[in-house]
1. Would you calculate the separation in nanometres between label points at E77 and N150, each defined as 7 Å from the Cα along the Cα-to-beta-carbon direction?
2. How high is the FRET efficiency from N106 to L51, r the C-beta distance, R0 22 Å, rounded to 0.05?
3. At 1.306 mPa s and 10 °C, plugging the Kirkwood radius over alpha-carbon pairs of segment 62-101 into Stokes-Einstein gives what diffusion coefficient in µm²/s?
4. Along its principal axes, what span do the Cα atoms of segment 126-238 show, with the longest given first and each in whole Å?
5. So what is the accessible area of the chain per residue, in Å², with the probe set to 1.4 Å?
6. Once R0 is set to 35 Å, what does the formula 1/(1 + (r/R0)^6) return for the Cβ-Cβ distance between S182 and D221, expressed as a FRET efficiency to the nearest 0.05?
7. R167 versus E24, label points 7 Å from Cα toward the beta carbon: distance in nm?
8. Any idea how far apart K10 and T91 come out in nm if each label point goes 7 Å out from Cα toward Cβ?
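The values are calculated or read from the model by the stated rules, or taken from the named source; none is laboratory data. Computed from a prediction, not measured in an experiment: that's the story for all the values here. Using ideal geometry, Cβ is built from the backbone for each residue, glycine included, and neighbour counts are taken over all protein chains shown. Accessible surface areas use protein heavy atoms only, side chains included; no ligands, DNA or RNA. Shrake-Rupley method; radii C 1.70, N 1.55, O 1.52, S 1.80 Å.
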Amino acid sequence: MLNNSAATTKEFSTKLLSILDAVEYRRIESQEDFEDIARLRYKSYQERGVLPLSASSMLDEVDFDDHAYVFGVYLYEELVSTIRVHHVTPTHRISQSAGVFPDAVNAFLDAGMTLIDPARLAIDPELDGERSALPFLTVRPTIMAAIYFNADRMLQHIRPAHSAFYRRYFYADTVVPPTFASIYGFDLTLLASRTREIGPKLFSRFPIYESQPYERRLMFDRSPLSGMAPLTILPTARLARQHSTPLAS
């Protein structure tokens, strides 16, 4: 018999799956879509008081790096959130987290690890419904990237107040304790999830993070044979539930 905490988690997980049925993901490629992303970032960061002190634009050169993937999350065909997912390797070290915690990130890379570094998460502050679900739905491409690129760690450079969320739901370890980040003017901390260890636990609790291989290819394949990025990508979590996928292998 489930205890109250487990029952609540299961109920919320079922709710997430039902909301996911109304979600589409879009890999942002066009100038028009990037402008929509920039407006959403500004509105979200301004509402939360986390605008970078030196920011002149809500887009930067990292958005257009060939290891970066910017996604829009659309609920009932409306843009509601966004995230940028960066694949960081020992030979391609561009990383948002490294801008704040270079020593820690380079230590992973010097050890030969590959990393998934999500950044620029933004949620529409005017959205009335489903606010509690959107952080879970928005970080889903991060989980998929860890599988697709067979990464060793998923990083989270975040405000200390959010660290409990990532420790609880993504089994993250603290890598760097809260440290003042001059670019933002407030403290940040660096966490990391061990992708090869957390998969079974994560998928058992939250089946929304399951995905089929073809969905991951649509998300991240940029080979010449893949052609243009698809306009929208429909989640495949329900199809993948009976075929559990290791988070990385």
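1. Modelled inter-label distance: 4.1 nm.
2. FRET efficiency, N106 to L51: 0.20.
3. Result for D is 138 µm²/s.
4. Largest first, segment 126-238 extends 44, 36, 33 Å along its Cα principal axes.
5. Spelled out: the 1.4 Å probe surface of the chain, per residue, equals 48 Å².
6. Given R0 = 35 Å and the Cβ-Cβ separation, E is 0.40.
7. Label at R167, label at E24, 4.0 nm between them.
8. 4.8 nm
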